[in-house]
Each structure stands twice: as structure tokens, then as C-alpha cells.
Amino acid sequence: MVSGRRQSLTGSETMSTPGRNEVCPCGSGLKYKHCCAQDHRAKSMENARAQTQLRQALKLERDGRLDEAIKLYRVAANLTLTASEANSRMGHVFLALGRAREAVDALRLAATANPDNTERRLDLVRALLIEKNNPESEAEVRRALAADPQSADGYWLLGRILAEAGRFAEARAALEQSVALNPRQGGVYYDLTHCYTLAEADRPLIAQMLAATRARGATDQRVRLHFALGKAFDDLKEYGAAMQHFAKANLLKKAMCKFDREALARRIDATIERFTPAFLASHRENGDHSQLPIMVVGMPRSGTTLVEQIISSHSDVTGAGELQFWPLCERAFEDLAPGWRIPDFQHSAAKDCLAVLRSIAPMVQHVVDKNPFNFLRLGLISVVFPQSIIIHCRRHPIDTCVSIHSTYFKSSEEFSTTQLDLAFYYKEYLRLMDHWRATISADRLIDLDYEELVASPETVTRRLLAACGLPWDDACLHPERNERILRTASKRQARQTITSGSVGRWRRYEPWIEEFRELDRFSG
């Protein structure tokens, strides 16, 4: 029989398959059919199965069916041929779902399996970024680009790292290089357009983005591309076109998630019912009376990043960004094992939280946790730390909602995809904050209005520092000089001097935001 040739499943090499009656190449002296043929057939079937699982998982991911994609990626990750790529894709999906620890584990496994491959080296960079190790991530991505200067993803990651450090000119150059190498990667355009204010000279870039919308890609990539186009048209003051792309982005995003209004209302009801003034008072004595944590909360896009920048400019304060400690703590509180008393939980949670904060800043007086959604957990936070300071950021409700509706969030905020859902969520947020004001003492829960802050920065900043028990520090008047790493959607705005330019922004979009208009009655 004439020997056949077949392409390996990886597509990277060819291998000869001997005829059934030929001598087996393993050196046994037996005919191939009596020796290794069965093992090779089994391996071929396993490889075919691996590729099938990976292709199906990729399709599910492109369609936004992320939980289903993870299940198939897990199968593919257990098969040698696809282990590296499957772990890589699974890490990306975990990150999209906000499951950071699982993302890091998967990305490191991918990098370890194939350390000389550029994409796998970039997976290590992504893991380092999730772990907030920006200096090492920049060094690693530059090493990867030195080995492979044609890597569009490498320049994309470098651009993101530089933008987080406030080096926007360098970030723009890196992102433009990424676009030049791969003009169809939708997510790069989002980061590029948020590095600077677009002008008429950028019309060719906008045309390039519009062309990219016609290419089929992963849903999340298309979401970011349309948000980028919305930002571009907003910069050019073409607000109707901007809103069209914001609406398209949110429509695509809606296919990836579902908002359950009834579930949110039940959650708010249960929180109000459980965390009463009497409940907090009964557990106050057993709480930890440390004032190390300062919580900055509120709706996204309400000024939380600016407030954190101001406070963390103080020499006795460090900003920790948006920590995930309290969401995890909340789940543990809800799942208390039988026999666990609340005082035991208070002691354990306080110890763990203080360890996290001290690992970030060992010597300062305060560490700021700026997870805006901790407004949902102020009762639990008050049980564990009954003397902690809480800064609640408020902004005109329609300005807040328009800003949310026009912003891409890495972890999908499912309530933000339609104006009606967002308006509903906002009213539930107000309902809960009214409860906290009636429950938590006014010397601990401080309302701070964004409009007042940008109109009178020094007056409000002095009041803010006094509420935190901090002496005056001139550095707090210049938050734009704060050089810490920023990963929020407003990282560029936070690097600029305080301005009132965003006050009343919603009026530019007045013809297209009818569903938000009812929120105007909650302003002031």
C-alpha cells in the first residue's frame, strides 16, 4: 500500500502515516496495523474532538453565550492539543464576567503551556494586569513585542497599560500601531478614542471604524466598537449619530445579559428589611472600630473616581481602586454555615479586610475602596466596621444615566442596556440610599454632590477631608497630579484639572432620552 500523507490537526506541520502493512516506524519490527495504528487512530479521534469542542466554544463566545462557552472550553482545556488556546479563551471569558481570580488561573495555565508563543506571553501580561502589577506587565509586553513586532494585540495591551498610567500620548501611539496591524479589532478603537478628543482631522479614523462594523466579530468587540464611534461623534458634537451608536452598542450588549427588575427589587426589599437601625445597633459593639477603610460609593459615572483621586492625593491616604472584597464578603455573609455567629463573622471579615488594605498600603491612615456598587452593601460594611467613613457621590440623575448609557463597562452592567431598565435601577438605588440615610449616622455617611464639587473644589474638598478626620493637604486641590494607576472608565478625565464641563451634558441628548426624563424630578 502506498503511504498516505495527512495534515496534523494543528495545521503547523505534516506527518506521514504508513500503510497498514508497512513496518511500523516505532522500530518494533511489526506491521503498522499490528502495532501503533490503533493508538494513532485514538489520538486522531481525540484531536478531532478537541478541535470540535474549541470551535463550538468559540461560536458560543461570539454569540455572547458565555456560561455555555466556559463549559466547552473546560472540556477542550483537558485535551492536550487545545489546552493552551482553550485556557486562554476561558480566561478572557472569565474576565468579561468579572471573575478575576478564575481569569488569572486560566491565563497563567495558557501561558505556561506554550511560553514561547506571542499570544500566550500576552496572556501572562493580562494575568499580571488583573493582579495590578503594571510595572511587570509593561516590561513583559515590551519583551513580547521585541520578539514579535507584528503583534497587534501586544500593542493594544501596551496602549492600555500606558493609558492606565496617564501616559496618553504614548498610549495613543501604541494603539494606533495596533490598529494599523489589525484594523478589524473593535476593542482597540474604544481605547484609542478615549486617549484624546477627536477632531475633524480624525474623519479617516471614523471611516475606518465604520468599515470595521461591517466585519463579523465577537459580540463584545462589536459592542466596544460602537461605543468608540459614539465617543467619536460626541467629540465632533454630532450627538444624533453618537446616540445611534450608543444605542447599537447597548442593543448588542443586551444580547449578552439579562436584567431582572423583580430580582433587584426583591434584593433591595430584603436589604432594607434586614439592615434596620436596631440590627446595626445590636451588632455595633462586636464590630471592628478601625477607621482605616474609607468607602466611596454611588452610581457609576457620578464622580466616584474624581473623589477618590482627591482623597488619595493626601499624604496619609492611598486609593485602592474598585476592590471586590465586599461583594465576596456579602456572599459569605449570606451563606453563613450553621453554628456561625454574627460576631464570629464580624471578626473574621474585619481581619481579612484589614489584611487586604494593609497589603496595599502598610503605613497610611486611610485606604479608599472605590467600588461604586458597595452602596448595595453599606449595612454589611457598617456591621463589620461601624465607624468607617462612607462618601456617597451624587450627580444629576439624567447626567448620570446618559453617561452610563454611553460607557463600556468591562463587567457587563446588565441594567444599563436600555433606558427604561437604567431608569428603574436608578430609582431602586435612590430607594436604598434613602434607607441608609435613615439608618447610618450622618457623621459617617456623607453625601457629596458632583456639581457642587466642580463648582467649588476647595470648599468641598476641605469639608470632605474634615469628614474623614484628615488635616488639610494642598495636594488634594490638584488630583490631576496624582500619578497612581487608574482603571476606571473616567481615567482620562481624572488626569485633567477639575472642570464643570460635564455638568448638564444630558441636554445635548435631550431629543433621544425620553425614558430618562422622569428622573429629572429627583434632581436637586
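No lab work stands behind these numbers, since they all come straight from the coordinates. Every value quoted in this text rests on a predicted model; they were computed, and no experiment measured them. Heads up, the Cβs are rebuilt from the backbone with ideal geometry, glycines too, and the neighbour counts pull from every protein chain shown.
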Once you sort the root eigenvalues of the Cα gyration tensor of region 249-379 as a ≥ b ≥ c, which label holds: rounded (a/c under 1.5), prolate (a/b larger than b/c) or oblate (the other case)?
-> oblate
List, in order, the whole-Hz ³J(HN,Hα) value for each residue of region 87-98 obtained from phi through the Karplus relation with A = 6.51, B = -1.76, C = 1.60 and θ = phi - 60°; use x for Gly and Pro.
-> 5, 4, 5, 5, x, 5, 5, 4, 5, 4, 8, x
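With a/c under 1.5 counting as rounded, go ahead and sort region 289-522 into rounded, prolate or oblate using the C-alpha gyration tensor (a ≥ b ≥ c being the square roots of the eigenvalues; past the cut-off, prolate if a/b is larger than b/c, else oblate).
Working: a/c = 1.82, a/b = 1.22, b/c = 1.49.
It is oblate, given that a/c is not under 1.5 and a/b is not larger than b/c.
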At what distance in nm do the modelled label points of Gln324 and Phe373 sit from each other, each positioned 7 Å from its Cα along Cα→Cβ?
-> 1.0 nm
Label-point separation, Arg216 to Phe279 (7 Å along Cα→Cβ), nm = 5.0 nm
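Based solely on its DSSP helices, what 222 nm [θ] is calculated for the chain when runs of n ≥ 4 H residues each add -39,500 (n - 2.57) and the sum is averaged over all residues, nearest 500 deg cm²/dmol?
Numbers: 22 runs with 284 residues, N = 524.
Calculated at 222 nm, the ellipticity per residue is -17000 deg cm²/dmol.
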Taking the Cβ-Cβ separation of Arg462 and Ala147 as r and a Förster radius of 35 Å, what is the calculated FRET efficiency to the nearest 0.05?
-> 0.10
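Compute the length gained on full extension between Asp63 and Glu176: take 0.36 nm times their separation in residues and subtract their Cα-Cα distance, giving the result in nm to one decimal.
Net length gain for the segment: 37.9 nm.
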For region 68-74, in order, what is each residue's ³J(HN,Hα) by Karplus, 6.51 cos²θ - 1.76 cosθ + 1.60 with θ = phi - 60°, in whole Hz (x at glycine and Pro)?
-> 5, 4, 4, 4, 6, 4, 4
By how many degrees, between 0 and 90 and to the nearest 10, does the Cα long axis of helix 152-164 differ from the longest principal axis of the chain?
-> 20 degrees
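With a/c under 1.5 counting as rounded, go ahead and sort the chain into rounded, prolate or oblate using the C-alpha gyration tensor (a ≥ b ≥ c being the square roots of the eigenvalues; past the cut-off, prolate if a/b is larger than b/c, else oblate). Provide the component values of the computation, followed by the final result.
Numbers: a/c = 2.06, a/b = 1.61, b/c = 1.28.
Prolate, because a/c is 1.5 or more and a/b exceeds b/c.
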Using a Förster distance of 25 Å, the FRET efficiency for Tyr196-Thr118 (Cβ separation, nearest 0.05) = 0.35
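Show me the ranking of peptides 247-258, 123-134 by mean Cβ neighbours inside 10 Å, starting with the highest.
Result, highest mean Cβ count within 10 Å first: 123-134, 247-258.
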Region 59-95 to region 150-201: how many Å between their Cα centroids?
-> 26 Å
Pop the C-beta distance of Ala355 and Glu238 into the FRET formula with R0 = 35 Å and round what comes out to the nearest 0.05.
-> 0.10
In nm, what is the difference between 0.36 nm times the number of residues separating Cys257 and Glu22 and their Cα-Cα distance?
-> 78.9 nm
With x for Gly and Pro, the residue-by-residue ³J(HN,Hα) of region 176-186, computed from phi through the Karplus equation 6.51 cos²θ - 1.76 cosθ + 1.60 at θ = phi - 60° and given in whole Hz, is 5, 5, 4, 5, 4, 7, 8, x, 9, 8, x
Share, in percent, of DSSP beta bridges within the chain that are antiparallel, nearest 5 = 25 percent
Within the set Lys237/Lys410; Lys59/Lys370; Lys71/Lys231; Lys132/Lys237; Lys253/Lys427, which residue pairs have Cα atoms separated by over 31 Å?
-> Lys59/Lys370; Lys71/Lys231; Lys132/Lys237
Please list, in chain and number order, the residues 5+ apart from His396 or on another chain whose amide H is under 5 Å from its amide H, with Hs placed from the backbone.
-> Glu451
Given labels modelled 7 Å from the Cα in the Cβ direction, how far is it in nm from Ser290 to Arg266?
-> 3.5 nm
For Gly319, the residues 5 or more places away or on another chain with a placed amide H closer than 5 Å to its own amide H are Val368
So the angle from the long Cα axis of helix 100-113 to the longest Cα principal axis of the chain, reported in degrees to the nearest 10, equals 30 degrees
